[in-house]
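Chemist: Mind having a look at this structure? Questions to follow.
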Amino acid sequence: MTTTRLVIIDDHQLFREGIKRILDLERTFEVVAEGDDGDEAIDLVQRYKPDVVIMDINMPRVNGVEATKRLVETYPGTKVIILSIHDDESYVTHALKTGATGYLLKEMDADTLIEAVKIVSDGGSYLHPKITHNLVKEYRRLAQQRVGSFGGDDGAEIRRPLHILTRRECEVLQLLADGKSNRSVGETLYISEKTVKNHVSNILQKMNVNDRTQAVVVAIKNGWVVVR
């Protein structure tokens, strides 16, 4: 069984300890080091060579975004998940542009944290479900503005992608667009979280995309989901 080596960087010790307790519950995770500053993050990555760094965005001296930029340039094999209280698009975009492959809000639950680490460590990217939903709503708003400016119909009928997805996969895709985590999707559809993960994996493969955010954006473009 492959172990995912993790480093946690956050200047609030109590929050950092809470994150560590959650991660320690997963047998395939190993927290190899902790720190409270971006400078220290560089040193710890050099020393421990972790697979994933979970990094607070707001820290004294060197913040999480600057530290991420330096880490990605020097250690491209190490993935970074940003922790933040900000769900504003500008924060998310800036963090992703500097090389982060994950962005979580500090209001996350334990399942979302574990899910994000697994996806990022496997080479994918992960945005907090609330952020995904906000980005999708903004995309939809801009798309409707463009349609309106050309005299189009904003009330176009939603078309289900039944030519590539099953009805159940369409339901899962809609719930992803609603910003729900795998656990929430399972609770809504009365299926196990493992089954949800299988559906998500099938959706990504059939739609030829890398992660759920891309899947939702493609679905919006094609009118396959309702943004609500």
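Chemist: Mind putting a number on the dipole of the chain about its Cα centre? Charges go on the C-beta only, +1 for Lys and Arg and -1 for Asp and Glu, and I need it in Debye to the nearest 20.
Modeler: 980
Chemist: For the residue pair Asp88 and Gln13, what label-to-label distance in nm results when each label sits 7 Å from Cα along the Cα-to-beta-carbon direction?
Modeler: Each label point lies 7 Å from its Cα, and together they span 3.1 nm.
Chemist: Springs between alpha-carbon atoms under 10 Å, Gaussian network over the chain: tell me which of Ala41, Ala110, Ala67 tops the mean-square fluctuations.
Modeler: Largest GNM mean-square fluctuation: Ala110.
Chemist: Compute a Gaussian network model of the chain, connecting alpha carbons closer than 10 Å, and tell me which residue from Pro161, Pro129, Pro50 fluctuates the most.
Modeler: Greatest mean-square fluctuation among the candidates belongs to Pro161.
Chemist: On to the next question. At 1.4 Å probe size, with no ligands or nucleic acids counted, give the accessible surface of Phe15 in Å², nearest ten.
Modeler: That residue has around 60 Å² of solvent-accessible surface.
Chemist: For segment 83-123, list residues with backbone N below 17 Å from a point placed 7 Å from the Cα of Asp24 toward its Cβ?
Modeler: 110, 114, by backbone N distance to the label point.
Chemist: List the GluC sites (Glu not before Pro) within segment 65-129 that DSSP assigns to loop and that have no more than 16 neighbouring Cβ atoms inside 10 Å.
Modeler: Within segment 65-129, the qualifying GluC sites (Glu not before Pro) (loop, at most 16 other Cβ atoms within 10 Å) are Glu107.
Chemist: Could you tell me the accessible area of His94 in Å² (1.4 Å probe, neighbours in place), rounded to the nearest ten?
Modeler: Probe radius 1.4 Å; accessible area of His94 about 100 Å².
Chemist: As a check on your grasp of the helix formula, calculate [θ] at 222 nm for the chain: sum -39500 (n - 2.57) over DSSP H runs of n ≥ 4, divide by the residue count, round to the nearest 500.
Modeler: -16500 deg cm²/dmol, from helical runs alone.
Chemist: Another question, then. Just Ala33, Ala116, Ala100 to compare: in a GNM of the chain, with alpha carbon springs under 10 Å, which one fluctuates most?
Modeler: With Cα springs under 10 Å in the chain, the top fluctuation among Ala33, Ala116, Ala100 is at Ala33.
Chemist: Picking from Leu96, Leu25, Val196, whose Cα lies most toward the positive end of the charge dipole for the chain (charges on Cβ: Lys, Arg +1; Asp, Glu -1)?
Modeler: With unit charges placed on the Cβ atoms, the residue in question is Val196.
Chemist: Can you tell me the 0 to 90 degree angle between the C-alpha axis of helix 129-149 and the longest principal axis of the chain, rounded to 10?
Modeler: 40
Chemist: Work out the length of the dipole vector of segment 158-227 about its Cα centre, built from +1 on the beta-carbon of each Lys and Arg and -1 on the beta-carbon of each Asp and Glu, and round it to the nearest 20 debye.
Modeler: Roughly 160 debye for segment 158-227.
Chemist: Where in segment 7-64 are there trypsin sites (Lys or Arg not before Pro) that are in a DSSP coil and have at most 11 other Cβ atoms within 10 angstrom of their Cβ?
Modeler: Counting only loop positions with at most 11 other Cβ atoms within 10 Å, the trypsin sites (Lys or Arg not before Pro) in segment 7-64 are Arg27.
Chemist: Just list whichever of Lys20/Lys197; Lys20/Lys69; Lys20/Lys130; Lys69/Lys97 have alpha carbons separated by over 20 Å in the model shown.
Modeler: Pairs exceeding 20 Å: Lys20/Lys197; Lys20/Lys69; Lys20/Lys130.
The values are calculated or read from the model by the stated rules, or taken from the named source; none is laboratory data. Everything numeric here is computed off the predicted structure, so don't read it as measured data. Using ideal geometry, Cβ is built from the backbone for each residue, glycine included, and neighbour counts are taken over all protein chains shown. Each accessible area value is taken on the protein alone, full model and side chains, heavy atoms only, with ligands, DNA and RNA left out. Shrake-Rupley method; radii C 1.70, N 1.55, O 1.52, S 1.80 Å.
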